[in-house]
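Coordinate-derived values only; no laboratory data. As the structure is a computational prediction, the values presented were derived from the model and not from experiment. A quick note on method: Cβ atoms are made from the backbone with ideal geometry, for glycine too, and the neighbour counts reach across all protein chains shown.
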Amino acid sequence: MAIALKDLNDVQRQAVTSAKKRILILAGAGSGKTRTLTYRIAHLINQKKVKPTEILAVTFTNKAANEMRARIAQLLNLEIKQLWIGTFHSIFARILRIEAEQLAVNRHFTIYDTDDQVNAIKKVMSSLNIAQQLHSPKMFQAKISQAKNRMQQPKDLERNTPDIFDNLLPEVFEKYNHFLRENNAVDFDDLLLLPIEVFDDHPAILEKYRKKFKHILIDEYQDTNKAQYSLVRRLVFDKNFIYVVGDEDQSIYRWRGADISNILNFNQDYPDAQIFRLEENYRSNSLILEGANGLVVHNRERLGKNLWTKKSKGEPITVLDSENENDEAKRIVEYIHNEIFTRKRSFKDIAILFRTNAQSRALEDELRRNALSYVVVGGVRFYERKEIKDVLAYLKIIANPLDGVSLRRIVNFPLRGIGDTTVNKIEKHAEALNISLLEGMGRVKEIATISSGMANRVTEFYELISKYRALSQEISAAELTSSLAHETGIISHLKNEYDQYESESRLENIYELFNSIEHFSREREKEGRDGSLIAFLEEVTLMSDIDSLDDSKNAITLMTLHSAKGLEFPVVFVTGLEMGLFPLQRNTAEPEELEEERRLLYVGMTRAEENLYLTYARSRRKYNTTVATVPSLFLDEIPAATIQLDLNQTSDRSQVKNRRQARREKIMDYFRQEDESQANDTPYTVGSMVYHETFGKGKIVKLEGHGEKMKISVRFEGNVSKKLIAQYANLTTLEISE
DNA sequence: CTTTATGGTTTTTTT
DNA sequence: AACCATAAAG
């Protein structure tokens, strides 16, 4: 039976049924891009008799992958277990485990999340004698990930730069990679880089996957980075079909290495490419769409499209101004009440979006005060909570005994009297014998400088881990975790160490973890897929914020604009439209960055079906001080005809105009000030040497603020640290001597 | 050696 | 809230 194509419009139908090998679909917001992709896959299987095993479909989140799998199954009326569908990271993690023999890691490798990566870097820094006070480990982590995103190796980085930090980077980078391999671990970026290496070193393996994946389909192509692009380029050969869908106006991951030119240059990479444009929007009322279109035309870097809708005008976009962030929250709640009581909306129809997670606090407080149910996506993520990470670290060391980062995390948690000094001694011993840290713990008695009492404690811990490693072969992952959490004393620790409220919530999280492991194994086994402990750990590490959103709950959704990509709601609030916050301060200087912020707002606005509110506050607490703010320049770029001011304030058109004029002047001032603070930049840089009359020679550790008010933290000889004000410090900068 | 208390610092967005 | 450095107590 053929699948029904009557639910598609003409362009969609052509795009679904095209026999061309290389296809690019430029799909505007709400134009049915997921639908097209879903039907395409169903069409291939049903009409073209393509086997599900021959299809590789890449989505941006795991949630999207699961939904797409379910919808295809529904269209075809059959289960399609063998279809490869998932994110780049999860798909290539799977391939890496299959091809692990070719690698410097084995198939039990652990995937380090950002937190683990920073811990690994700290270890590397201390082995290289680099002080963490001078150079932040997080900075190294960010720079290394950036380099990996650009597919740069340590040797590709410049070594003789004026910046001390940049000079250290290649060595830290090199050692960090080495450290990961020793611990049988990979980071997020390696999940893409290592398969490229495997493909390049073993043409036969690449050939195998080229033969297997006859059809490759990629969603959100505008947000692919260089490594992802390279993987696709390798996999797509003569006979392969490549089908990509994307929207350059919705590219919002430049900071993570996403390269918009991947989509802009698709027809240069594949000269015979057929291009479809999906320009009819089915989601938003026309005033909302007009407003969003009017905003995004201010971007230069785009292919340009004409997104239109048959829908009625609907209501204009409402701009709400308020005194401060608490007032902003109050106004939003007022309007939510209005939406709920007069317009008969339910909670789940409403989303509140923000630029930074920190903004959720004031909103949550106000929603709670008004007993409105809400869920927050992301923020402090479930699997990144301390108590969860501690239990997971036990599981990681059981799955991968070489994982030293996880081992260090739990060797003295709960406290068993094994401190840093002891662990360092064991590590040294283990390095000398060329064995892992865990094995070293098994042979702790060989170390003369460790007392027998201490050695006994270590041995006891080692045996505990050994016991559970053996048990892991016999009992289920869920049973293992529960038994472990009790026997190690984690449960009683959580009961005793916190106040009642805190301890209850942490224990609840632990029990939720048990449930999720059990659920995972059960589901996976039902589907005939890998339900092992390693598979669970992998899933958890690669899980995105939005993946854990339970949309069956009737609640208002709070999340960042990034998390909102791909979603839609009848009512949307986009908050904090102020210079420095949205666009974010550090993204206002470079035009490319400002364009990305603008796209981010475009994404936010196009989530709305019927009612869109844009809010800003005239002052906002930042860190510990309240600062006056300037409304975002984006508010002035949205066509005035699509906007109405606050319904609760009487205002006529001339007032709207006056306000616009006033805002424009403020924005000019904002940019002027930014320029000045840039121009005033002092000769000081972090890491450079300075001389002070009384304190002598020292190294700059940190700079805060600008110009004369800049605060300079200096570490002087003899380990004396001082915080100085640039204006009064009277510092002399010294030549850097190597 | 290890533990515990204290204070300071830290956040942009995420696989 | 989590993480560090530091100092003092056990």
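Loop-only GluC sites (Glu not before Pro) in segment A:157-240, please: DSSP not H, G, I, E or B, and at most 16 other Cβ atoms within 10 Å.
A:Glu158
Using the beta-carbon distance between A:Gln47 and A:Glu568 and R0 = 25 Å, what value does 1/(1 + (r/R0)^6) give for FRET efficiency, to the nearest 0.05?
Working from the Cβ atoms, E equals 0.30.
With labels modelled as points extended 7 Å from the Cα through the Cβ direction, what inter-label distance (nm, one decimal) is found for A:Gln152 paired with A:Arg524?
Label at A:Gln152, label at A:Arg524, 3.7 nm between them.
Hey, with R₀ at 51 Å, roughly what FRET efficiency would A:Gln14 and A:Arg361 work out to, going by the Cβ-Cβ distance, to 0.05?
0.60
Helix-only mean residue ellipticity at 222 nm, chain A, DSSP H runs n ≥ 4 weighted -39,500 (n - 2.57), per residue, nearest 500. What is it?
-14500 deg cm²/dmol
In nanometres, what is the gap between the two model label sites at A:Glu474 and A:Glu592, each 7 Å from Cα along Cα-to-Cβ?
Using points 7 Å along Cα→Cβ, the separation is 5.8 nm.
Multiply the residue separation of A:Asp547 and A:Arg302 by 0.36 nm, subtract the distance between their alpha-carbon atoms, and state the gained length in nm to one decimal.
Length gained, A:Asp547 through A:Arg302: 85.3 nm.
Given 0.36 nm per residue, what is the gain on full extension from A:Lys310 to A:Arg159 after removing their alpha carbon distance, in nm?
48.6 nm
With +1 on each Lys and Arg Cβ and -1 on each Asp and Glu Cβ, how big is the dipole of chain A about its Cα centre, in debye rounded to the nearest 20? Each step should come with its number before you reach the end.
Working: 104 positive and 107 negative charges, 275 e Å.
For this selection, approximately 1320 debye.
Based on alpha-carbon centroids, what's the gap between segment A:485-563 and segment A:598-629 in Å, whole number please?
Result: 31 Å between the Cα centres.
For Cα pairs less than 8 Å apart in space and 6+ apart in sequence, what is the mean separation divided by the residue count of segment A:466-568, i.e. the relative contact order in percent?
19 percent
For segment A:8-94, state which chymotrypsin sites (Phe, Trp or Tyr not before Pro) are in a DSSP loop and have at most 11 other beta carbons lying within 10 Å of their beta carbon. Don't skip to the end; give the middle numbers.
Working: sites: A:Tyr39, A:Phe60, A:Trp84, A:Phe88, A:Phe92; in loops: A:Phe60.
Sites meeting the loop and neighbour criteria: none at all.
Please list, in chain and number order, the residues 5+ apart from A:Thr560 or on another chain whose amide H is under 5 Å from its amide H, with Hs placed from the backbone.
Distant-sequence amide H within range of A:Thr560: A:Phe354.
So, R0 is 22 Å and r is the distance between the beta-carbons of A:Asn434 and A:Glu101; what FRET efficiency does that work out to, to 0.05? Mind dumping the intermediate values first?
Values: r = 22 Å, r/R0 = 0.98.
It comes out at approximately 0.50.
Which one, A:Ala19, A:Val105, A:Gly86, is farthest towards the positive end of the dipole of segment A:1-135 when Lys and Arg carry +1 and Asp and Glu -1 on their Cβ?
About the Cα centre, the residue reaching furthest to the positive side is A:Ala19.
Pick out, in residue order, every one of the trypsin sites (Lys or Arg not before Pro) in segment A:221-305 that is DSSP loop and has at most 12 other C-beta atoms within 10 Å; say none if there are none.
Answer in residue order: A:Lys239, A:Arg300.
Evaluate the relative contact order of chain A (contact order divided by residue number), counting alpha-carbon pairs under 8 angstrom at least 6 apart; express in whole percent.
Working: 1133 pairs, mean separation 114.6, N = 738.
Taking the mean separation of contacting Cα pairs over the length of chain A, I get 16 percent.
Along the Cα→Cβ direction, 7 angstrom out, place labels at A:Arg94 and A:Arg369. What is the inter-label distance in nm?
4.8 nm
Hey, if you put +1 on the Cβ of every Lys and Arg and -1 on every Asp and Glu Cβ in chain A, which of A:Ala292, A:Ile218, A:Leu577 ends up farthest toward the positive end of that dipole?
Of the options given, the answer is A:Ile218.
On full extension of the chain, what length is gained from A:Met139 through A:Lys239, given 0.36 nm per residue of separation minus the C-alpha to C-alpha distance?
On the way: separation 100, 0.36 × 100 = 36.00 nm, distance 4.34 nm.
Full extension from A:Met139 to A:Lys239 adds 31.7 nm.
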